Every structure is written in C-alpha cells, then in structure tokens.
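Step one of this worksheet: look at the structure below.
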Amino acid sequence: MSAGYDVIVIGLGGMGSAAAYRLAQRGKRVLGLERFTGVHTQGSSHGESRITRQAYFEDPAYVPLLLRAHEMWDQIERDSGEKIFHRVGGLLVGAPESRTIAGSRLSAEQYGLPHEVLDAQEIRKRFPAMRPGPDEVALHEGGAGYVVPESSVRAHLELAGRAGAELRFEEPVTHWEAGRVTTAQGIYEAEHVVVCPGPWAPELLPDLGIALEVERQVQFFFTPAADLRDYPTYIWERGGRTFYGFPERNGTAKFAIFGEGAACTPDTIDRTVHAHEVEAVTELVRPLMPGLTGTFQRAATCMFTNTPDSHFVIARQGGVTVACGFSGHGFKFVPVVGEILADLAVEGATRHPIALFDPARPRA
C-alpha cells in the first residue's frame, strides 16, 4: 500500500490534467492516474480543435467562467511554451429567434461582450464560402476561436510534473472510494480524491444521482475547394440541427454535426467511420458551404458524456470531488475547471459560480 498523498486525481485528460496541475501548484502532494498514455485518442480530449467563445447561448451563467478561462489559457501558454488558443474569431449563424442567435445575443449584451450582428448579405460579403438563407443572421465574436486539446493536455501534464505531481500512465483504476484508490499496480491513499472520468463516468460514478449517456461523435476532415484559411470557427443552427466547423489548418478543415451520435460506451463505440457517414455529411454541408467538402481526407471518433439538461456536473461530495458530464461543450473551460476542482478539494468551496452544475439540481 502506498500512502502519503494529499490528493489523487483519477483521469488525466482535459479536466484531470488541469486539476493535477492546479493542485500541485498549491503545494499539494498529488498522484495522477491515467488508464492510457499521457495524450491519447481513446476518450474526449483529442481531435485537434475545440471551439471556444464567450457569447454563450447555452446559459449566461457560463460567461464568468469563460472570462476566467480565456485569461488562464494565456498563462498556460506562457508557462508551458505550448500554443493552445488560436483567436481566429467565431461566427454563430441561424434564424434571429433561434437558440444559437438569441441565446448568444443575450449573453453578449448581459456581459458587454464585444460582438457584431451581421445580416445574410454581410455574411456572404465577408465570408463568401458560406451560403446563409435570406432570413439568417450571424453573431460575430472577434475574441473567439479554438483551442488544441492535445496541446492543452500536454501542457497541463508538463506543468503538473514540474510542480511536483506524480503522474502514472497506463494504470487504470480498478476500484476507488473516499481516501483510497486501487489499480493493478497498487493501493494508494490520500486525504481527497478527484474523479475526472470522461466517458468512463457511468462506470466509475454509478451513484452520482444524475443520468449520464455516452454518445459517439464523428469529426470529419476535408481539403476544401474554397480558401478557408482566414475564416473563423462557426456554429450553424438550421432546421433544428446544429453543425460546427473550423478554418483550414495544415491543409484540412474540420466539420461535425452536434448531438446526433449513437449511444455507446468506451468498450462498444464503433471507431470506424463508414462511407455512408461521409456521404451523408457531404450532402448535408453542400447547401451551407459548397466549397468545404472538396476532398475528404479522414475522420475520427470521440465521445461526449451527456447530462439530461446538457449542463456539467462539478461537485464536492465529502472526501470526493467529481467533474463529468460536459455534454460536448466543456473543453473551452478546462483551465478554470482545473482551478475549481483544486478549490473544492483544498478549500471545500470555490468563488466561481457552479450552482448550475450541482448533480442534485432540479430537473425539468
């Protein structure tokens, strides 16, 4: 049996790596445990890009966390030497009354976030590869962009190790409870356990008290026929569906559909992307951005872990702090979630607004 840790962090993906760093930075004796290698493609923290923005249509309550996250991305880049945050701007497209547009305007106006509202003619003028309908509008946020998840995990792990954290890879947890974690290599004890399980949440947190469903998500990469190198990231709501994409990077542009994947588990996910899926997404994209799907290059799968209301789960429960259920929109929050988890583990509370993420929150 190995003892002597202040905190054990289970899972060293996006959230867990940030938590390990922030805890070690505070002088805590930290053990981090990861079932795979340090940066891997088996969970939810890969795929080369994740949109980040602050005009948040999901709920204005997220905006203070995003303001802090954007500050922290800069600090992580300076301290690690990794380029993570690419401020290319962000475009939200849809009908004026759509959740994407109305919700984003609400957050932007409530918090005084710099933004522009463009009509369809202005969208086509500034972004000629896009084909909005005559009644569609866009909210442009110049401070938005994307972060590179692999670079984020690598940077946080490097900084955690530099701050004194002990990080153990390819060592899956077989059992855990408050104060004790078991793997095939040993039994470890600590005053507190932080669980950041990603899509393994239903397995590792069966008594959380909130339903979690893991969803297969496919990311498609094309060599575009149009020049998309100077484009912003975009989220486009049309006909009850939501699509999102990224500017051309290293010769390819990434595109995906939100919230239409099959239910799965980490053991049952189909990691093969089939020809009919590529054909379907190509047909879907053509009316929106005909120059995007010039040549299909590749596709990759990852997993979303969804809650019923799509809000996160972040809470301290006795000697355990949990963070999961990020519902496909969590990666932009990585640095501030790391700070929150360190607060909860060390102080028992945080100054950040997290009431929305209580697993015991009212359900509609």
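All of the numbers you see were taken from the coordinates with simple rules; none came from a lab. Here the structure is a predicted model, which means the values were calculated and not measured. Note that each Cβ is placed from the backbone with ideal geometry, even for glycine, and that neighbours are counted across all protein chains shown.
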Seminar exercise, completed: Computed, not fitted: 222 nm per-residue ellipticity of the chain from DSSP H runs ≥ 4 (each -39500 (n - 2.57)), nearest 500, equal to -8000 deg cm²/dmol
Problem set entry | Sorted by Cβ neighbour density within 10 Å, fewest at the top, the residues Ser107, Ser152, Ser49 | Ser49, Ser107, Ser152
For this session: With θ set to phi - 60°, apply the Karplus curve 6.51 cos²θ - 1.76 cosθ + 1.60 along the range 204-211 and write out the HN-Hα couplings as whole Hz, x wherever there is a Gly or Pro.
Result: 8, 10, x, 9, 5, x, 9, 5
For this session: Check cross-link reach from Lys254 to the lysines: straight Cα distance under 24 Å, and skip same-chain residues fewer than eight apart.
Result: Lys83, Lys125, Lys332
Seminar exercise, completed: Cβ density ranking, 10 Å radius, fewest first, applied to Leu12, Leu167 yields Leu167, Leu12
For this session: For Glu171, list long-range residues whose amide hydrogen, built 1.01 Å from N in the peptide plane, is under 5 Å from its own amide hydrogen.
Result: Glu34, Arg35, Phe36
Seminar exercise, completed: Longest principal axis of the chain (C-alpha) makes with the long axis of helix 63-80 (C-alpha) an angle, in degrees to the nearest 10, of 70 degrees
For this session: List the residues whose amide H sits under 5 Å from the amide H of Arg180, counting only those 5 or more places along or on another chain, with H placed 1.01 Å from N in the peptide plane.
Result: Ala190
Problem set entry | the range 93-146: GluC sites (Glu not before Pro) falling in loop per DSSP and having at most 14 other Cβ within 10 Å | Glu97
For this session: Could you point to the label whose value was computed as semi-axes √(5λ) of the Cα gyration tensor in Å for the structure here, given (i) 31, 27, 21; (ii) 35, 21, 19; (iii) 32, 29, 18?
Result: (ii)
Exercise. Taking Cα atoms, how many degrees apart are the long axis of helix 334-347 and the longest axis of the chain, rounded to 10 and kept between 0 and 90?
Worked result: 30 degrees
For this session: Name the most mobile residue of Arg238, Arg78, Arg180, meaning the one with the largest mean-square fluctuation, in a Gaussian network model of the chain with Cα contacts below 10 Å.
Result: Arg78
For this session: Give the order of Leu113, Leu284 when sorted by the count of other beta carbons within 10 angstrom, beginning with the fewest.
Result: Leu284, Leu113
Seminar exercise, completed: Checking Phe220, Phe326, Phe127 against a Gaussian network model of the chain (alpha-carbon springs below 10 Å), the top fluctuating residue turns out to be Phe127
For this session: Mind pulling the angle between the C-alpha long axis of helix 275-285 and the longest principal axis of the chain? Nearest 10 degrees, somewhere in 0 to 90.
Result: 60 degrees
Exercise. Over the chain, what is the percentage of antiparallel beta bridges among all DSSP beta bridges, to the nearest 5?
Worked result: 70 percent
Seminar exercise, completed: Most fluctuating of Val337, Val193, Val88 in the GNM of the chain (C-alpha, under 10 Å) is Val88
